[in-house]
Amino acid sequence: MSTRIKVLIAGLLMICSALTCTLASAAEAPKRAAKPVVVTEANDRQEVTLDAGQLFCVRLPQNPSTGMSWSMNQVSADILKPLGEPTDRIDDKGKAIPGQPGTTQWAFVATGAGTHDVQQTLRFEYRQWWSKDFDAPGKVVFYHVVVHAKQVKTSNPETPKATCDAS
């Protein structure tokens, strides 16, 4: 075999090798997390579509001085994984004033375990727990959540680094 052909073959092999490494590293590169989805009382009874791994935040208004608070039905960790307990915030830049309204916020990561899209309806109730009319909530809010299945199965999905506060 002539030297010219050997050099040509060696060059082609180097190009193929470099291209293979580039494609392999691009396939392994983590996708950038989608922007968190934030819903409020205005989104009541709407469908919320999420990708597996996406952050989902629920913000509902409340006034704890009235004795009213929000509660949520059970959530399937195979669909939405709660990220801690709900947090309460006052609306006036940190100044605590009696009777002041605020917001309760829940944060979840869409897990979407499996190879098929999954869905769940979240129900939030606003009520006075100590009231005689305990069975009658003051407000009820629903969100129908659909999580698109992951393209690649992983045994331990990462929790998104974004927070509900960043959105």
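The values are calculated or read from the model by the stated rules, or taken from the named source; none is laboratory data. Because the structure is a prediction, the values reported are computed rather than measured. As a convention, Cβ positions derive from the backbone with ideal geometry for all residues, glycine included, and neighbour counts pool all protein chains shown.
Listed here are the residues, each with its yes/no results for (1) under 16 Å from the mean Cα position of the chain (by Cα); (2) closer than 15 Å to Cys164 by Cβ; (3) in a strand (DSSP E or B).
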{"position": "Ala77", "(1), (2), (3)": "yes, no, no"}
{"position": "Phe108", "(1), (2), (3)": "yes, yes, yes"}
{"position": "His116", "(1), (2), (3)": "no, no, no"}
{"position": "Arg127", "(1), (2), (3)": "no, no, yes"}
{"position": "Lys150", "(1), (2), (3)": "yes, no, no"}
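Do we find a residue being modelled with pLDDT under 65 and either more than 25 Å from Thr103 (Cβ to Cβ) or among the β-branched types (Val, Ile, Thr) (or both) anywhere in segment 49-62? No, segment 49-62 contains no residue that is modelled with pLDDT under 65 and either more than 25 Å from Thr103 (Cβ to Cβ) or among the β-branched types (Val, Ile, Thr) (or both). Would you confirm, using the coordinates I've provided, whether Glu125 is at pLDDT 95 or above and among the charged types (D, E, K, R)? So Glu125 fails the test.
Each residue in segment 51-74 was checked for being out of contact with any Phe, Trp or Tyr (no Cβ under 7 Å at 6 or more places or on another chain) and of a type in the set (Val, Ile, Thr), and 1 of them qualify.
Which pairs turn up if I take residues in segment 102-126 that are over 21 Å from Gln62 (Cβ atoms) and in the same structural domain as Asp88 (by TED's automatic domain parsing) and look for partners that are among the basic types (Lys, Arg) and in a loop (DSSP other than H, G, I, E, B) with beta carbon separation below 7 Å, at least 6 apart in sequence or on another chain? Listed by first residue and then by second, the contacts come to Gly112/Lys150.
The residue pairs whose first member lies in segment 57-82 and is closer than 16 Å to Val140 by Cβ and β-branched (Val, Ile, Thr), whose second member is at pLDDT 90 or above and in a loop (DSSP other than H, G, I, E, B), and whose beta carbons are closer than 9 Å, counting only pairs six or more residues apart or on different chains, are Val58/Thr40; Val58/Pro86.
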